[in-house]
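Peer 1: Can you keep this structure in mind? I'll have questions shortly.
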Amino acid sequence: MQRIRSRVLGVTALWAVSACAHASELVYVPVNPSFGGSPLNGPVLLNQATAQNDFTEHSAGYSSSAQNTLSQFNSMLQSAILSRVSSAVTSSIVGTDGKLSPGTVETTDFTIAIVNLSPGLLQITTTDKTTGQQTSFQINQ
């Protein structure tokens with residue numbers, strides 16, 4: 001009798017508990033305010049990101065800043081001079097009709113060879129005299 005009573009009591013307890021449990025849909029709620037989460041989470045996320053950030057910016061002193069300005073000026077000056085040299089070279093290899101003429105042009109540091117591959121197709125090869133490095137490209141006239 002005791003055994004039947006305990007089983008009935010156990011089944012009744014399970015039925016009572018299952019009657020109280022209700023299932024519903026799972027709903028995703030974003031945490032980050034940038035993606036629709038609560039704006040109150042913003043400072044917390046920022047503080048966590050700041051705590052994890054191990055990047056340190058190197059501060060530049062006056063001499064370093066002056067050196068950067070000087071090297072920047074030298075770089076701009078070098079670009080301007082190379083632009084003038086390339087304009088002079090271009091004027092010597094372009095004919096009166098505006099087309100490139102095959103041949104070789106030499107400067108102190110570079111050799112520029114223009115080769116006619118086929119009618120209207122030219123290959124321009126620039127060679128650095130000190131290192132021997134070459135770059136080339138083809139153009140249609």
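Peer 1: Fewest first, what order do 73, 55 take by the number of other Cβ atoms within 10 Å?
Peer 2: Sorted ascending by nearby Cβ count, the order is 55, 73.
Peer 1: So what is the calculated 222 nm ellipticity per residue for the chain, using -39500 (n - 2.57) for each DSSP H run with n of 4 or more, over all residues, to the nearest 500 deg cm²/dmol?
Peer 2: Value at 222 nm, helices only: -15000 deg cm²/dmol.
Peer 1: Starting from the exponent 0.38 and prefactor 2.2 Å, build the expected Rg for segment 92-141 from its residue count and divide its actual Cα Rg by it.
Peer 2: The reported ratio for this selection is 1.17.
Peer 1: Would you mind checking which residues have amide H under 5 Å from residue 107's amide H? H placed 1.01 Å from N; only 5 or more apart, or other chain.
Peer 2: HN-HN under 5 Å from residue 107: 112.
Peer 1: Among 102, 122, 85, flag the residue with its Cα farthest along the positive direction of the charge dipole of the chain, charges on Cβ as +1 for Lys/Arg and -1 for Asp/Glu.
Peer 2: 122
Peer 1: Have a look at 49, 80, 23 and tell me which one the Gaussian network model of the chain (Cα, springs below 10 Å) gives the largest fluctuation.
Peer 2: Top of the fluctuation ranking is 23.
Peer 1: Here is a follow-up. Fewest Cβ neighbours within 10 Å first, please rank 25, 106 accordingly.
Peer 2: Lowest to highest Cβ neighbour count: 25, 106.
Peer 1: For Cα extents along the principal axes in Å, which listed value, (i) 118, 54, 29; (ii) 46, 42, 25; (iii) 37, 34, 29, comes from the coordinates shown?
Peer 2: (i)
Peer 1: Which whole-number percent gives the relative contact order of segment 31-141, counting Cα pairs below 8 Å spaced six or more residues apart?
Peer 2: Normalised by residue count, the contact order of segment 31-141 is 11 percent.
Coordinate-derived values only; no laboratory data. The structure displayed is predicted, hence computed values, not measured ones. In this analysis, Cβ positions are derived from the backbone assuming ideal geometry, glycine residues included, and neighbour counts consider all displayed protein chains.
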